[in-house]
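One structure is given below, encoded as structure tokens.
The values are calculated or read from the model by the stated rules, or taken from the named source; none is laboratory data. This is a predicted model, so every value here is computed, not measured. Using ideal geometry, Cβ is built from the backbone for each residue, glycine included, and neighbour counts are taken over all protein chains shown. Side chains included, ligands, DNA and RNA excluded: accessible areas come from the protein's heavy atoms. Shrake-Rupley method; radii C 1.70, N 1.55, O 1.52, S 1.80 Å.
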Amino acid sequence: MPRYFIDTFDHVDAIDEEGTVLPDRGALRSLLRAALTEILREEGDRRGVDEFVATARDENGHRVMSARISLTITDQ
């Protein structure tokens with residue numbers, strides 16, 4: 001099974017040096033979705049950031065997938 005390295009970016013870059021072994025790209029997609037949802041929920045208010053990005057690299061360092069999550073709140 002392939003190992004993927006998930007890097008996250010907002011105002012702080014977090015580079016994954018360990019990686020995660022996953023069975024396929026569907027599992028990678030699910031992991032990116034879950035990771036960004038959790039980061040937005042846990043860190044969005046604390047950091048005042050409403051947009052987060054994650055990229056997945058394979059074992060050769062090639063970017064194979066990316067995801068972005070954002071939240072916009074508008075006063076009426």
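Kindly indicate which of Glu18, Glu59 is exposed (fewer than 10 other Cβ atoms within 10 Å of the Cβ) and charged (D, E, K, R). After applying the criteria, what remains is Glu18.
Condition check ((1) open to solvent by less than 60 Å² (accessible area, probe 1.4 Å); (2) at pLDDT 90 or above; (3) under 21 Å from Tyr4 (Cα atoms)) across all residues:
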residue	(1), (2), (3)
Ala27	yes, yes, yes
Glu38	no, no, yes
Arg47	no, no, no
Ser66	no, yes, yes
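Can you confirm whether the range 31-39 contains a residue that is small (Gly, Ala, Ser) and more than 10 Å from the chain's Cα centre (by Cα)? No: zero hits. Being closer than 13 Å to Ala56 by Cβ and out of contact with any Leu (no Cβ under 8 Å at 6 or more places or on another chain): is that true of Leu22 here? Here the answer is no, as Leu22 does not meet what is asked.
Scanning the range 1-25 for residues that are at pLDDT below 90 and of a type in the set (Lys, Arg) turns up nothing. Based on what the data block shows, is Thr55 of a type outside the set (Phe, Trp, Tyr), outside any loop (DSSP other than H, G, I, E, B), under 11 Å from Phe5 (Cβ atoms) and under 14 Å from the mean Cα position of the chain (by Cα)? Here the answer is yes, as Thr55 does meet what is asked.
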